[in-house]
Amino acid sequence: MELIKTSIKDLKGYSTKEIPFQIKLDANEGKNVLLQDICKEGIKFDEDFNINFYPDNNAVTLKNELSKYININTDNIAVGNGSSEMIDLLIKTFVDKDETILSFTPTFSMYSVYGKIYSAKFLGVESNEDFSLDMEKLIQKSKELNPKIIMICNPNNPTGYLIDKKDIKRLLQNTKGLVVVDEAYMEFADGSMIDEISNYENLVVLRTLSKAFGLASLRIGYMIANEKIIEVINTVRSPYNLNAISQYIAVKALKNKDKVFNYIDEVKKEREILYQNLNSIGVMAYKSYGNFVFFNSDIENLSEKLIQKGILIRKFSQELEGYYRVTIGYENENKAFIKALKEIIAYENS
């Protein structure tokens with residue numbers, strides 16, 4: 001179609017396949033540890049909940065709860081439909097046509113997708129052979145290219161690598177561009193930049209309730225930045241961008257965050273066990289600080305063979321052909337995955 005923007009003519013839409021499964025470990029979704037009763041009893045609203053009214057455009061109650069959770073003033077918080085909307089808003093707001101977005105690669109694919117939509121140039125600094133990330137290389141590339149935005153996924157998706165906080169501070173001190181630290185998985189690690197917001201005017205931190213809070217279907221993300229950035233983001237975002245049901249449930253979830261902390265501890269324990277188990281059976285697994293483990297296997301069509309056993313994991317292609325990512329599940333799910341993988345390896349070697 002001739003009317004389509006040139007920048008998106010070759011863009012492929014985000015697609016998912018409906019595959020029958022017994023264990024789903026392919027999308028880094030958290031477990032429903034907070035609101036299990038909803039699955040059994042449905043959503044129960046308070047008497048003052050009015051579904052016929054538009055949602056609170058400023059998400060006041062939700063931002064108040066987020067403020068308590070991260071110990072940041074509500075004026076420094078914006079909310080939306082997942083951290084993906086926050087990424088979209090940042091690029092829409094700050095990046096003009098042909099300006100540069102810089103990041104490491106491999107990383108979260110939507111950084112380059114949104115860049116393409118808005119006719120920006122996305123450039124990636126390649127990770128090291130072991131998928132560690134060299135901040136000095138990024139700083140040097142930033143000085144060379146003067147990017148408008150630098151996207152840092154920390155811990156990184158899909159590799160799980162964690163950048164030290166002091167290295168991100170060094171980047172902030174050596175660039176004029178906006179440094180966006182995507183902390184979707186930070187609850188499973190240490191080293192958040194949220195408490196540095198007041199120290200760097202070019203720092204933005206993104207968070208989500210999809211992972212540690214297990215609310216992926218509700219699409220709740222938030223941004224933390226200085227007041228000037230939040231103000232301009234609020235002028236660009238769509239009115240009523242986060243629906244009332246998502247706001248309502250998110251508030252209830254945040255009031256029960258102690259359950260989340262217990263879940264995080266369980267994920268960390270299971271993550272280490274899974275990492276050790278993978279390496280013990282001859283699979284090259286990489287140390288992870290997210291709720292997943294990234295690994296390499298030379299078994300042909302491994303993900304399809306696991307599907308036959310009812311287990312879904314994430315398969316990568318192109319530059320990451322032969323690499324996979326498995327979400328940390330419950331103990332019995334992780335054991336079932338390792339058992340199935342052992343069976344496949346034994347069959348391949350027989």
*Under the definition of Cα pairs under 8 Å and six or more residues apart, what whole-number percent is the relative contact order of segment 178-232?*
34
*Once you wrap a convex hull around the alpha carbon atoms of segment 46-255, what is its projected area averaged over all directions, in nm²?*
11.4
*Report the full-extension gain for the segment Glu321 to Asn32: residue separation times 0.36 nm, less the Cα-Cα distance, to one decimal in nm.*
100.9 nm
*Estimated FRET transfer efficiency (Thr61, Asp190; beta-carbon r; R0 22 Å; 0.05)*: 0.15
*Quick one: putting +1 on the C-beta of Lys and Arg, -1 on the C-beta of Asp and Glu, what dipole do you get for the chain around its Cα centre, in Debye to the nearest 20?*
160
*Where in segment 127-153 is the amide nitrogen less than 15 Å from a point lying 7 Å along the Cα-to-Cβ axis of Asp164?*
132-137
_Stretch gain in nm, segment Glu331-Lys137, where the contour uses 0.36 nm per residue and the Cα spacing is subtracted_ = 66.0 nm
*How many nm separate the modelled label positions at Ser109 and Ser350, each set 7 Å beyond the Cα in the direction of the Cβ?*
3.4
_I need the peptides 169-182, 45-58, 302-315, 283-296 ranked by packing, meaning the mean over residues of other C-beta atoms within 10 angstrom, with the highest value on top._
283-296, 169-182, 302-315, 45-58
*Rank-order 256-266, 215-225, 87-97 by packing density, defined as the average count of other C-beta atoms within 10 Å over each peptide's residues, highest first.*
215-225, 87-97, 256-266
*Highest first, please rank the peptides 69-79, 157-167 by the mean number of other Cβ atoms sitting within 10 Å of their residues.*
157-167, 69-79
*Nitroxide proxy distance, nm - points 7 Å out along Cα→Cβ at Lys255 and Ile273*: 3.4
*Would you work out which of Ser198, Leu218, Thr105 lies farthest towards the positive end of the dipole of the chain, given +1 charges on the beta-carbon of Lys and Arg and -1 on that of Asp and Glu, about the Cα centre?*
Leu218
*Considering Cα pairs under 8 angstrom that are at least six residues apart, work out the relative contact order of segment 46-255 and quote it in whole percent.*
28
*Length-normalised contact order for the chain - Cα pairs under 8 Å, 6+ apart - percent*: 23
*Among Ser67, Met86, Ala184 - extreme Cα towards positive end, dipole of the chain, charges at beta-carbon*: Met86
*Over the chain: helical MRE at 222 nm, DSSP H runs n ≥ 4 each giving -39500 (n - 2.57), nearest 500*: -11500 deg cm²/dmol
*asked:* Need the C-alpha centroid separation for segment 249-280 versus segment 185-225, integer Å.
replied: 16
*Past the 23 Å Cα-Cα mark, which pairs from Lys252/Lys335; Lys255/Lys287; Lys143/Lys165; Lys116/Lys148?*
Lys252/Lys335; Lys255/Lys287
*With a cut-off of 18 Å, note down the residues of segment 225-245 whose backbone N falls inside the zone around a label point 7 Å from the Cα of Thr93 toward its beta carbon.*
225-243
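Values in this text are rule-based calculations from the coordinates and carry no lab data. None of these values were measured; they are calculated from a predicted model. Positions of Cβ are backbone-derived with ideal geometry, glycine not excepted, and every protein chain shown enters the neighbour counts.
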